[in-house]
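Each value in this text was obtained by applying a stated rule to the coordinates, not by laboratory testing. All values reported here derive from a predicted model rather than from experimental measurement. Every residue, glycine as well, gets a Cβ built from its backbone with ideal geometry; the counts of neighbours run over all protein chains shown.
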Amino acid sequence: MINILSPAVYNRIAAGEVVDRPYSVVKELVENAVDAGATEIAVEIEGGGKQKIKVADNGCGIAKDELAKAYHPHATSKLLDAEDLFTVSTLGFRGEAIASIASVSRMSIVSDAGEGAYALACEGGKLGEVQPSAGAKGTEVTVCDLFFNTPARLKFLKSDSQEEGDVTNMMARFILSRPEISFTYTVNGKLKFRSLGEGLPAAIAVVYGASTLENCLEIAADKHGIRLHGFIGNRNFSKPNRTYQSLFVNGRYVVNQTVASAVMNAYAAYLMKRQYPFYVLFLDVPQEIVDVNVHPNKADVRFQDNQIIYGSVYSVISSVLDGNSRAVEYLVGLKEELQAEQTTPVLPQDQREMTYEEAKKELQFDISPNKNNPSEPKFYTPDPVHYAVHAPVSSAETEKSEDFFAENQKFLREQDFKAKQERVDVKDLVFKGELFHTYLFYEAGDEAYIVDQHAAHERLIYDKLQEKLAARTVISQPMLVPYLLELNAAEYAFLSKNFSLLREMGFDVEDFGSGCIKVSAVPSDLMGIDLGAFFGEVLSSMESLRAIRLSDILKDKLASAACKAAVKGGELLTDEEAKQLLERMDGDMGLKCPHGRPVAVKVKRSEMEKLFKRIV
Ligand code: ADP
Ligand code: MG
């Protein structure tokens, strides 16, 4: 049943120009097909979508006497009254897309809802007559000559190939977001994408190529009533920009800063500047805590509580990346292994399932130095191109052929989707010497590894400290001369609220009056570091990372400060020490130091031979 929304309801819906370019037309039409329960959706565009857009689906169809209503502005079958606005589960709900598109194009809808096919056309907003037609069950919408009657808007469009690129990007997102739906996407008669509705890994292979999957870790976490699943690039798989990031909140593609910065910060230790993580993530949250009605294109959502979303996403992603024991519950593969062994992992108290309310309490700090806007943490700001529906997928990525699909399918069958680590068996590596007191050479068959001894040390110390801190086995060491920290009011309030935590981590701290804190003991690994600089770093993170627990910030800062204190470069290692170093790395050649630099570099024999022109 299609309802005409009353002005009272309609006016509460974020209004805005929904159709401003071909990609937004395609978006609205595909969303309608998805909402109609289609399992197969075929999209064709010509001339960048300016000439022609056709979207055909096998969904529920529109009944003959509802066809005219579908063209009516504010006509929707998806909302009855204002109450429904808070629990929107369909993609569309404003009932304005078809009417807006029809007013600026030559449009026709052919639909069969089970009583035979009927067609109704509309030209520049002038409705024709309903006529019997030929057509399969479902709906086929054709939009020709977009903006033919609004030359000003036509002039505003980008070139055909740019508009096409935007549509292609969006189709990629649809394929990822609805991996159970089979999509066909054709541009100027040439097939660009075909997904078979065979699940997310297959969809990722269609969009990014099967090899991308090899470099991905699977995420499957369900906590606090918040579910996060999908695939993320491993620690060494980075992309040069953010266009390889897709987030779907309750099934809707959005660009959301809270989630984007949580992921970015989780990768911080592994990626260097201008490297960006790859991810395809689905975040499912209770409908009551997310507002989808904030953006005209529905391209962002607003969470009731950013901190809990930030905290949840950050903790899941960083656990999986760090590969530590906390990640066990998140990793599907490991979970299965554990089940196979028929052991139930006993989770420490703080890993027990929390309710949403409990989690919210736990993650909330009542100190907010940024008092003007306490619920909006300061995050890095994605640059404007990040509105990724506009960002180009390189043409090499999108040039796909039938063969390629078949190849992907074959490849996928052979793959298990476990993360592939750059791991070598330590037994196969022979230590061959060192260079400049810094680089260690190891040989393994036809490959050589060059290890940066300094970076490797740093990484190992960092890991060990993280472990110690997690296990709370840090030893506190008194200082001969206590250190006095002079703080401003906000800093003082922040630290003094967290005395017990600081003590747990090995600091002996006490209030010294008038904004001063006296530090008289430090974790033994931190002996001799610049305490002023250390607390300065912790406090500078206080604002930007406010949503994470202070314990996490502290652990991170402690570990990296300790590496700085402990590692001395340019030390000559004995053969035995060089071997041990490698054993402690456990053959993981994909490691990066805590600042994101690689620990090891692989050189193939053939590459050496090329250098010396033995082969070309
Ligand atoms: P909305 O999607 O916000 O409801 P639209 O203007 O996009 O508004 O569509 C109006 C109505 O037309 C929808 O509510 C739906 O009932 C019907 N409709 C549109 N496209 C389809 C389709 N592909 N299959 C079935 N019904 C459709
Ligand atoms: Mg719609």
**Report entry** Under 5 Å, built H, 5+ apart or other chain: amide partners of GLN51
**Finding:** GLU46
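Please identify the GluC sites (Glu not before Pro) of the range 124-233 that satisfy two criteria: DSSP loop assignment and at most 13 other Cβ atoms within 10 Å. Which are they?
Details: sites: GLU129, GLU140, GLU163, GLU164, GLU180, GLU198, GLU214, GLU218; in loops: GLU129, GLU180, GLU198.
Filter output for the range 124-233: GLU129, GLU180.
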Report task. Starting at the first residue of the range 502-510, write each ³J(HN,Hα) from the Karplus equation 6.51 cos²θ - 1.76 cosθ + 1.60 with θ = phi - 60°, in whole Hz, x for Gly and Pro. Result -> 4, 5, 4, 8, x, 8, 9, 10, 8
Query - Cross-link pairs beyond the 27 Å C-alpha cut-off, checked among LYS137/LYS190; LYS192/LYS602; LYS468/LYS579 - result: LYS192/LYS602
Requested in this report: Report Rg(Cα)/(2.2 N^0.38 Å) for the range 442-489, keeping two decimals.
Outcome: 2.01
Report summary line: Counting sequence-distant residues (5 or more places) and residues on other chains, those with an amide H built under 5 Å from that of GLU96 are HIS74
Query raised in the report: Per-residue HN-Hα couplings for the range 450-461, Karplus 6.51 cos²θ - 1.76 cosθ + 1.60 at θ = phi - 60°, whole Hz, x for Gly and Pro?
Result: 10, 10, 7, 4, 5, 5, 5, 4, 4, 4, 5, 5
Report summary line: The local net charge around ARG503, scoring Lys/Arg +1 and Asp/Glu -1 for residues other than ARG503 whose Cβ lies under 15 Å from its Cβ, equals 0
Report task. Give the long-range amide H neighbours of SER133: residues separated by 5 or more places, or on another chain, with amide H under 5 Å away, using H modelled in the peptide plane at 1.01 Å from N. Result -> ALA117, TYR118, ALA119
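If you keep only loop residues by DSSP, which trypsin sites (Lys or Arg not before Pro) in the range 447-538 have at most 13 other Cβ atoms within 10 Å of their Cβ?
On the way: sites: ARG459, LYS464, LYS468, ARG472, LYS497, ARG503, LYS518; in loops: ARG472.
Filter output for the range 447-538: ARG472.
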